[in-house]
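Novice: Take a look at this one; I'll ask things after.
The values are calculated or read from the model by the stated rules, or taken from the named source; none is laboratory data. Being a predicted model, the structure only gives us computed values, none of them experimental. Neighbour counts are summed over all protein chains in view; Cβ atoms, including those assigned to glycine, are modelled from backbone coordinates with ideal geometry. These accessible areas exclude ligands, DNA and RNA; they are computed on the full protein's heavy atoms, side chains included. Shrake-Rupley method; radii C 1.70, N 1.55, O 1.52, S 1.80 Å.
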Amino acid sequence: ALSQRIAHGVFGYSTPPDELRAAIAERLERLYRWRIDPSWLVFLPGVVPGLHLAARKLVPADRHTLIPRPVYHHFKRAMTLAPRAFSEVSLVLQNGRWVFDEEALRKSIRPETRAFFLCNPQNPGGTVFRRKELERLAELSRDLLIVSDEIHCDLVLDKELRHVPIASLAPEICRRSVTLMSANKSFNIPSAGCGWAIIEDSKLRTAFSSDVSAHAVGSPSVFGLVATLAALRHGDEWLAAQLDYLRINRDVVEKFVAENPSLAMAHTEATYLAW
């Protein structure tokens, strides 16, 4: 697909094709039974800009946010650079899984708290949050905006587990959610550059996308658009083979760690990262 685009020879500005919007919507419904309107999509050069936009555009300067600890470093970086006040909600290790301490989460919510940032599946830790766990997180976060980084959603290694987008739980949760996704991790194409936010609420979507429409944040690369569409349309067989490969690597690492008493690691349910 990339070779064909290069052969075309024109590399000017581009807009996301309707075929890509439709492919994303179809995939979400097929994999997660989550029906979205393609108009909810805001295209980005990647998920990281989405974290920073959410912090700056959706959290007022005098408001407060919650982020997990540990978590991918751009969560904290988005808050410190915005800057926005934030509290870190520590995850706890239970039966080899990093999960939220629900009491700590409840106590961290202040009157000025505006948003709860989630990483699902969790990076680091590799946790695939179960539906009931996500329902509890949605209940505990009450009326807060939920910003969920779900870039590792395709990389679930335990065959009996399934990724659940938190916004797919209920319409009222979807309306207060920003879900960040990309094919960059799953198909190893981050340098091509394409991600998206799924935002049902039109006011949230307009506020979030203002810097995108003003070109303060770059649009996706034309190669990112092409590669992402090809991956979503034709990449499932390749992705399944990659998951088999990653699963074997995970098992090799876990076996090695188990045989060394001085080492320990959480069970990696998802992602390609062992911690």
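Novice: Out of ALA231, ALA183, ALA192, I need the residue that is closer than 18 Å to TRP40 by Cβ, of a type in the set (A, V, I, L, M) and either open to solvent by less than 20 Å² (accessible area, probe 1.4 Å) or touching a helix residue (DSSP H, G or I) at 6+ places or on another chain (Cβ under 7 Å) (or both). Which one?
Specialist: ALA183
Novice: Across the range 1-33, which residue is farthest from HIS215 (Cα to Cα) among those that are modelled with pLDDT of 95 or more and among the hydroxyl-bearing types (Ser, Thr, Tyr)?
Specialist: Ranking the candidates gives TYR32 first.
Novice: Of the numbered conditions (1) closer than 24 Å to PRO60 by Cβ; (2) in a helix (DSSP H, G or I); (3) touching a Phe, Trp or Tyr at 6+ places or on another chain (Cβ under 8 Å), ALA138 fails exactly one; give the number of that condition.
Specialist: For ALA138, the exception is condition (3).
Novice: May I ask you to list the residues in the range 105-163 that are under 26 Å from ARG205 (Cβ atoms) and of a type in the set (Val, Ile, Thr)?
Specialist: Matches in the range 105-163: ILE109, THR113, ILE146, VAL147, ILE151.
Novice: Can you spot a residue in the range 89-98 that is of a type in the set (Ser, Thr, Tyr) and under 18 Å from SER177 (Cβ atoms)?
Specialist: no
Novice: Just a yes or no: is a residue in the range 61-72 among the hydroxyl-bearing types (Ser, Thr, Tyr) and surrounded by fewer than 18 Cβ atoms within 10 Å (Cβ to Cβ)?
Specialist: Scanning the range 61-72, I find no residue that is among the hydroxyl-bearing types (Ser, Thr, Tyr) and surrounded by fewer than 18 Cβ atoms within 10 Å (Cβ to Cβ), so the answer is no.
Novice: Among LEU243, LEU161, LEU169, which is in contact (Cβ under 8 Å) with a residue 24 or more places away in the chain, open to solvent by 30 Å² or more (accessible area, probe 1.4 Å) and over 25 Å from TYR13 (Cβ atoms)?
Specialist: LEU169
Novice: Within the range 76-98, which residues are touching a Lys or Arg at 6+ places or on another chain (Cβ under 9 Å), open to solvent by less than 40 Å² (accessible area, probe 1.4 Å) and either within 21 Å of ASP143 (Cα to Cα) or not in a strand (DSSP E or B) (or both)?
Specialist: If the condition is that a residue be touching a Lys or Arg at 6+ places or on another chain (Cβ under 9 Å), open to solvent by less than 40 Å² (accessible area, probe 1.4 Å) and either within 21 Å of ASP143 (Cα to Cα) or not in a strand (DSSP E or B) (or both), then ALA78, ALA82, ARG84, SER87, VAL89 are the ones that fit.
Novice: Still on this structure, please answer the following. Which residues, taken from the range 199-212, are β-branched (Val, Ile, Thr) and either at pLDDT below 95 or touching a Leu at 6+ places or on another chain (Cβ under 6 Å) (or both)?
Specialist: The one that is β-branched (Val, Ile, Thr) and either at pLDDT below 95 or touching a Leu at 6+ places or on another chain (Cβ under 6 Å) (or both): VAL212.
Novice: Sort out which residues of the range 125-134 are open to solvent by 90 Å² or more (accessible area, probe 1.4 Å) and touching a residue at least 12 places away in the same chain (Cβ under 8 Å), and write them in order of number.
Specialist: ARG131
Novice: Got at least one residue in the range 34-53 being in a helix (DSSP H, G or I), surrounded by fewer than 17 Cβ atoms within 10 Å (Cβ to Cβ), out of contact with any helix residue (DSSP H, G or I) (no Cβ under 7 Å at 6 or more places or on another chain) and modelled with pLDDT of 95 or more?
Specialist: Scanning the range 34-53, I find at least one residue that is in a helix (DSSP H, G or I), surrounded by fewer than 17 Cβ atoms within 10 Å (Cβ to Cβ), out of contact with any helix residue (DSSP H, G or I) (no Cβ under 7 Å at 6 or more places or on another chain) and modelled with pLDDT of 95 or more, so the answer is yes.
Novice: Tell me, yes or no, whether the range 250-262 has at least one residue that is touching a helix residue (DSSP H, G or I) at 6+ places or on another chain (Cβ under 6 Å), outside any helix (DSSP H, G or I) and exposed (fewer than 14 other Cβ atoms within 10 Å of the Cβ).
Specialist: no
Novice: Looking only at residues that are among the hydrophobic types (A, V, I, L, M, F, W, C) and outside any strand (DSSP E or B) in the range 99-132, which one is farthest from CYS174 (Cα to Cα)?
Specialist: Taking the candidates together, the pick is ALA104.
Novice: Suppose we filter the range 105-122 for residues that are open to solvent by less than 20 Å² (accessible area, probe 1.4 Å) and of a type outside the set (Ser, Thr, Tyr); how many remain?
Specialist: 9
Novice: Among the listed residues ARG233, ARG176, identify the single one that is within 24 Å of PHE117 (Cβ to Cβ) and basic (Lys, Arg).
Specialist: Exactly one residue qualifies, and that residue is ARG176.
Novice: Would you mind telling me which numbered condition in (1) more than 22 Å from the chain's Cα centre (by Cα); (2) surrounded by 19 or more Cβ atoms within 10 Å (Cβ to Cβ) HIS215 fails?
Specialist: That leaves (2) as the condition not met.
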